[in-house]
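*Asks:* Following this message is one structure expressed as structure tokens.
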Amino acid sequence: MRGKRVTFPGIAVPALLLAPQLAITIIFFVWPAFQSLRGALFQQDAFGLGENFVGLDNFTKLFGDPAYAASFGLTLVFAFATTALCMALALLFAALADGVVKGAAIYKSLLTWPYAVAPAIAGVLWWFLFNPTIGLFARGLNALGIEWNHYLNGGQALTLVIIASAWKQVSYSFLFFLAGLQTIPKSLLEAASLDGADGFTRFRKIVLPLLMPTTFFLAVTNLVYAFCDTFGVIHATTAGGPGTATTTLIYKIYQDGFEALDLGSSAAQSVVLMAVVGSLTLIQFRYIERNIHY
Amino acid sequence: MAATRFRPAKVASHAVLIVGSTLMVLPVYMAFVASTHDLSRSLTGLPLWPGPQIIDNYRLLLGEGMRSFGLPPIGPMLLNSLIVALAITFGKIAISLLSAFAITYFQFPFRVLAFWVIFATLMLPVEVRILPTYEVVASFGLLDSYTGLSLPLIASATATFLFRQVFMTVPDELTEAARIDGAGPLRFLWWVLIPMSRTNIAALFVITFVYGWNQYLWPLLMTKDTAYYTVIMGIQRLARASDFQPQWHLVMATVILALLPPVIVVAVMQKQFVKGLFETEK
């Protein structure tokens with residue numbers, strides 16, 4: 001990591017300047033992460049009175065547990081569906097908003113502002129629209145002959161949290177796609193147009209390849225969002241149910257740790273999720289760095 | 001190209017954008033509508049336009065609230081959210097400016113190690129270390145306190161890296177001039193670097209305020225005492241208060257009040273918001 005060529009002398013001053021951030025990082029990030037790792041190797045009783053070293057037992061048990069496998073599979077479906085839905089809509093809106101002149105500013109504002117809405121609130125908003133007896137959308141679906149009840153139907157509950165999670169995140173991807181589109185030279189598109197390429201071909205052959213870095217970046221960001229930040233969406237609406245239909249990994253960590261007080265298992269689950277999220281972040285960071293250097 | 005010529009592709013573009021914009025607005029609009037009718041209208045079929053109960057509902061919410069359900073009043077929850085969001089925002093900006101300054105403008109042992117410790121926060125979101133972080137905060141006696149709600153969230157690698165990048169673009173001649181004039185490092189930070197980072201600070205303010213205001217899991221773990229509830233986590237309690245149907249008119253009025261502050265900040269500081277969004281992702 002580079003620093004400045006011209007620097008100030010001294011060790012005490014930079015140490016003091018770094019102290020607040022390092023202290024908070026070590027106390028609230030590094031130490032707890034280390035504790036997660038340690039906790040995963042021990043079996044604690046529910047009252048925290050004693051613990052025995054159990055090695056990798058918590059992990060072996062975890063990977064042998066069909067409930068955990070189900071939650072893992074469910075989380076993958078949830079994360080990829082949320083990411084795909086959100087990015088497809090964002091790309092569609094960005095490509096169209098980039099092409100229109102009239103009303104462009106209004107569209108951009110309207111498509112951008114949900115960024116400020118908390119995931120938990122996004123959840124409650126859609127929970128209301130899909131309320132089986134009074135929700136606007138649920139009644140619409142009922143009128144079409146589709147019986148909607150996410151309190152009983154697990155698939156519908158999952159659909160509900162996917163929609164709410166994706167809705168909240170569309171604006172983020174929209175802004176990045178829009179910025180990506182604006183860096184594409186118009187001369188390139190005009191040249192293709194003169195060569196007889198129609199709008200769809202231009203999009204597929206020129207725009208899409210040039211948007212690949214943005215797409216990759218957004219895919220990773222949205223997956224991390226779906227793995228972690230959607231806790232609020234689920235906790236405020238379906239609470240993991242019905243049954244375990246919307247118990248994603250993050251919700252299960254919370255449930256097992258804070259409600260069932262199965263601390264060893266919860267810690268092991270934390271370590272697994274940490275590994276998943278950590279590697280996604282690393283991949284992304286390396287990728288961005290490469291992009292900057294080229 | 002004649003702009004006025006009728007083109008089906010243009011019409012289709014506008015149609016899709018209108019549908020998209022509607023989808024982005026509709027959930028909040030319906031929440032607003034529900035907050036302006038009495039509960040029975042929500043239960044029997046909500047009209048698509050606002051009703052006459054708006055003043056009564058919001059007055060009820062801000063006054064009595066849902067106390068009859070054993071829930072805390074809304075006003076203090078909104079205030080808690082504001083205190084916590086501002087504490088996180090100013091705390092994060094302050095400690096990131098200091099640490100970025102240290103790793104950019106000084107040569108000292110363990111500089112690279114410090115950089116990596118800060119970097120580690122990127123990979124450890126609160127969600128993946130829930131229990132042990134809770135235990136650390138509890139062992140400091142910080143449960144049910146503003147410090148516990150904000151302090152653990154103010155360390156951020158992204159903000160530090162952002163300021164480091166800004167500082168790297170500051171010409172070395174300025175530093176040399178400052179040193180010749182006998183200005184110490186803190187003077188240089190205060191009088192040169194911070195003024196030069198004004199727009200970046202504003203951008204970070206918007207992003208961090210939204211982040212702080214919208215916290216959910218953390219206050220959920222940190223607070224047992226309802227006096228420290230923030231409004232975002234409080235909504236879940238409100239929505240679940242009744243076994244039968246939620247008090248939709250009051251829940252939705254809370255939703256509107258809870259989403260207004262961050263939405264207003266983003267709307268008023270739109271330029272800084274977009275700048276912040278792109279900068280914090282580098």
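*Asks:* Can you compute the FRET efficiency between B:MET196 and B:ARG111 using 1/(1 + (r/R0)^6), with r the Cβ-Cβ distance and R0 = 25 Å? Round to the nearest 0.05.
*Replies:* It comes out at approximately 0.65.
*Asks:* Also: Expected output is a single nm value to one decimal: the length gained when fully extending between A:ASP195 and A:LEU16, i.e. 0.36 nm times separation in residues minus the C-alpha distance. What is it?
*Replies:* Between A:ASP195 and A:LEU16, full extension yields 58.2 nm more.
*Asks:* With viscosity set to 1.306 mPa s at 10 °C, what whole-number translational diffusion coefficient in µm²/s follows for the protein assembly as shown from Stokes-Einstein and a Kirkwood radius over Cα pairs?
*Replies:* So the translational diffusion coefficient is about 62 µm²/s.
*Asks:* Name the most mobile residue of B:ARG41, B:ARG59, B:ARG179, meaning the one with the largest mean-square fluctuation, in a Gaussian network model of chain B with Cα contacts below 10 Å.
*Replies:* Answer for the Gaussian network model of chain B: B:ARG179.
*Asks:* By average Cβ neighbour count within 10 Å, what is the ranking of A:81-88, A:191-198 from highest down?
*Replies:* A:81-88, A:191-198
*Asks:* Helix-derived [θ] at 222 nm for the protein assembly as shown: sum -39500 (n - 2.57) over DSSP H runs of at least 4, divide by residue count, nearest 500?
*Replies:* -21000 deg cm²/dmol
*Asks:* Ok, one more. Work out how much length A:GLN182 to A:LEU37 would gain on full extension: take 0.36 nm times their residue separation and subtract the Cα-Cα distance, in nm to one decimal.
*Replies:* 47.7 nm
*Asks:* For the range B:121-247, taking Cα atoms only, what is the radius of gyration to one decimal and the Dmax to the nearest whole Å?
*Replies:* Rg, Dmax (Cα atoms, Å): 20.6, 74.
*Asks:* From the gyration tensor of the Cα coordinates in the range B:175-282, what semi-axes in whole Å does the equivalent ellipsoid have, largest first, with each one equal to sqrt(5λ)?
*Replies:* Output for the range B:175-282: semi-axes of 43, 16, 10 Å.
*Asks:* Sticking with this one: Any chance you could check the Cα centroid distance between the range A:147-168 and the range B:6-72 for me, in angstrom?
*Replies:* Each part reduced to its Cα centre gives a spacing of 20 Å.
*Asks:* Okay, moving on. Could you work out, residue by residue across A:251-262, how many beta carbons of other chains sit within 10 Å of that residue's beta carbon, and then give the average as an integer?
*Replies:* The shielding value for this peptide is 2.
*Asks:* Let's test the formula: R0 of 45 Å, r as the Cβ-Cβ distance of A:ALA88 and B:LEU186. What FRET efficiency results, to the nearest 0.05?
*Replies:* Efficiency at R0 = 45 Å is approximately 0.35.
Since every read-out is calculated from the coordinates, none of them should be taken as a lab result. Only a predicted model underlies this, so the values are computations on that prediction, with no experimental measurement involved. For neighbour counting, all protein chains shown are included, and Cβ atoms are generated from backbone atoms with ideal geometry for every residue, glycine included.
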